[in-house]
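Encoded as structure tokens, the structure appears first; notes follow it.
The values are calculated or read from the model by the stated rules, or taken from the named source; none is laboratory data. Every value quoted in this text rests on a predicted model; they were computed, and no experiment measured them. We place every Cβ from the backbone using ideal geometry, glycine too, and count neighbours over all the protein chains shown. Heavy atoms of the whole protein, side chains included, go into the accessibility calculation; ligands, DNA and RNA do not. Shrake-Rupley method; radii C 1.70, N 1.55, O 1.52, S 1.80 Å.
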Amino acid sequence: MTDLATERRLIEIIRRAARPAPGVRVGIGDDCAVLEPDVGSLLLATTDLLIEDVHFRRRWATPTDIGWKSLAVNVSDIAAMGGRPRWALIALACPEAVRVDEAEAFYAGVQALATEYDVVIVGGDTSASPRGWIVNVTLLGDAAQAPLVRSTAGVGDVIAVTGSLGRAAAGLALLEATPPPTDIGADARADVTTAHLRPRPRTREGRWLAAAGGVTSMIDLSDGLATDLGHVCEESGIGARVELERVPVASTVDAVARALDRDALAWATSGGEDYELLLTCKPAAFERLAEGLARATGTRLSAVGEMTAAAEGVRYLDAGGRVVPIRPGFEHFVTGRARA
Ligand SMILES: [Mg+2]
């Protein structure tokens, strides 16, 4: 199929995704969507921009991957507040030469994520781009109870993360490696590249944690532990101490790091895009939260350190208790800046 994707065709593709859904009075097709949040719930709003050759490359990200991830990163922000993602607006600009099947594949990726996370597409826009793909997603969600924020961590709180860290950065390193290394098993390769291309935001975990009580702050790990923990410290006005040997790193990440002669722990602390949750909780609540979360969702919660007085700053310690300098955050490729 080689049709060029005219704007009219793109709008048809988007409209096909429309379906009746709770809370949607008017969906795609009018000037605005008309939405009706549940009585007494709070509305959460977030937006994110993905730009070709800043956040992804067409060389290794298919249109379906791009569609999936563009919504996933927004869903992760709603997860970080303990909310429920609900309604999305999808704006896509791509060069005139993009084919209809590529545009359809993009929306198929958006729709696959939306279906799995119970998100309804209620609007969007398309445009020609002079160079490269540009995707902007706006996502609305709701929260029945007070959303978890970054500014309420306390001194002495345990710092914990869901899942494991570094897989997405290992995947990116592998996708970018030229020539690709040949001595990595197919399972490890698939594990880390899937983590990068098709992240699975922790909405069930976020909602369970918000309802469980005892969590004092939460954020999603979009820019890496170092940067995102820095946000929590800054917003809460306190410091943190992380014990690096407790940071969970998957064996697949170690395998890729060995093959590429890179540092798995650096990917875990500074790599970004894992879309795991970072939370703080009262020390007495940690065991209950870890056991309850594992039972309810199958996801592991690992304690990696504790919040400290502001004067101590943010410190990363090795197994011997020595301070290790950690590069904060990460930059996408050469020109890009990490997302907030
Ligand atoms: Mg976030």
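In table form, for the structure just shown:
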quantity: Value in Å of the Kirkwood radius, where the chain supplies the Cα pairs that are averaged; calculated: 20.8
quantity: Probe 1.4 Å - accessible area at residue 270, Å² to nearest ten; calculated: 10
quantity: Integer Hz, Karplus 6.51/-1.76/1.60 couplings in order for segment 251-257, x for Gly and Pro; calculated: 5, 5, 5, 4, 5, 5, 4
quantity: The chain - percent of accessible surface contributed by carbon and sulfur, probe 1.4 Å; calculated: 52
quantity: Estimated [θ] at 222 nm from DSSP helical runs (n ≥ 4, -39500 (n - 2.57)) normalised by residues in the chain, nearest 500; calculated: -10500 deg cm²/dmol
quantity: Candidates 304, 161, 75, ranked by Gaussian network fluctuation over the chain, Cα under 10 Å, top entry; calculated: 304
quantity: GNM flexibility winner over the chain from 320, 271, 213 (Cα, springs under 10 Å); calculated: 320
quantity: Label point distance in nm, residue 38-residue 62, each placed 7 Å from Cα along Cα→Cβ; calculated: 3.5
quantity: Amide H contacts of residue 308 (H built 1.01 Å from N, under 5 Å, at least 5 apart or other chain); calculated: 156, 239, 240, 241
quantity: Within the chain, percent of DSSP bridges classed antiparallel, to nearest 5; calculated: 75
quantity: Overall form of segment 31-159 per C-alpha gyration tensor (a/c, 1.5; a/b vs b/c); calculated: prolate
quantity: Highest-fluctuation residue, 222, 41, 164 considered, GNM on the chain with Cα pairs under 10 Å; calculated: 41
